[in-house]
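Below is one structure, written out as structure tokens, with a few remarks after it.
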Amino acid sequence: MDYYQVGAITQTHGVRGEVKVFPMTDDINRFKNMKDLILDTGKEKITLQVTSVRPQKNLVILKFKGYDNINDVEKYKGCGLYVTKENRVACEKDEYFIADLIGLSVVTDEGQMLGNVTDVISTGANDVYVVLAEDGTELLLPAIHECIRDVDVANGRMQVHLLDGLLDV
């Protein structure tokens, strides 16, 4: 089963079993709709039912059903929190999970194979897709409509239009 990390427990909060979580998502409000999370202790994966969510600065405070005491959650500091593919939040149009983009074959609108997506760099203005060619060179493609024509995650393919200068070294 595929798991996607959405956060990590940084520390406990109070004495009633709440934890502070560092979110690994671009929108911490997504936690408000999460009902079940999977805690990876390193030895086992435990499904936890979320009973309350409160944003706090750049963190999120979570409470889990059945964990009502600081001693119940103390041992989970540093552990990752995950969701299954089925429980991920839905993306908007032209939004994709980075995990789904990694490995896509990248083909030009003329049919030329460029390589595979190996990384996504967040720049603030727009993301940049790192494409590794078979010869080992890297191509950086801006994630803009003029360049990225089609993303087909189901078929593992991205069609791109090479803007002038993108292949210049």
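Coordinate-derived values only; no laboratory data. Since we're looking at a predicted model, the values are computed, not measured. A quick note on method: Cβ atoms are made from the backbone with ideal geometry, for glycine too, and the neighbour counts reach across all protein chains shown.
Structure summary
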| quantity | calculated |
| --- | --- |
| Förster radius 45 Å - calculated FRET efficiency between GLN49 and SER105, Cβ distance, rounded to 0.05 | 0.70 |
| Using a Förster distance of 35 Å, the FRET efficiency for ASP135-ASP94 (Cβ separation, nearest 0.05) | 0.70 |
| Extension reserve of the LEU167-ASN71 stretch, reckoned as 0.36 nm per residue once the Cα distance is removed | 28.9 nm |
| Cut-off 12 Å between beta-carbons: net charge of the residues surrounding LEU132, Lys and Arg +1, Asp and Glu -1 | -4 |
| Estimated [θ] at 222 nm from DSSP helical runs (n ≥ 4, -39500 (n - 2.57)) normalised by residues in the chain, nearest 500 | -500 deg cm²/dmol |
| Mean separation of Cα contacts under 8 Å, 6 or more apart, over the residue count of the chain: relative contact order % | 18 |
| Cα gyration tensor shape of the range 98-160, rounded if a/c is under 1.5, else prolate or oblate by comparing a/b with b/c | rounded |
| Over 30 Å (Cα to Cα) - which of LYS57/LYS93; LYS32/LYS77; LYS43/LYS65; LYS45/LYS93 fall in this group | LYS45/LYS93 |
| The chain: Rg to Rh, with Rh as the Kirkwood radius over Cα pairs | 1.09 |
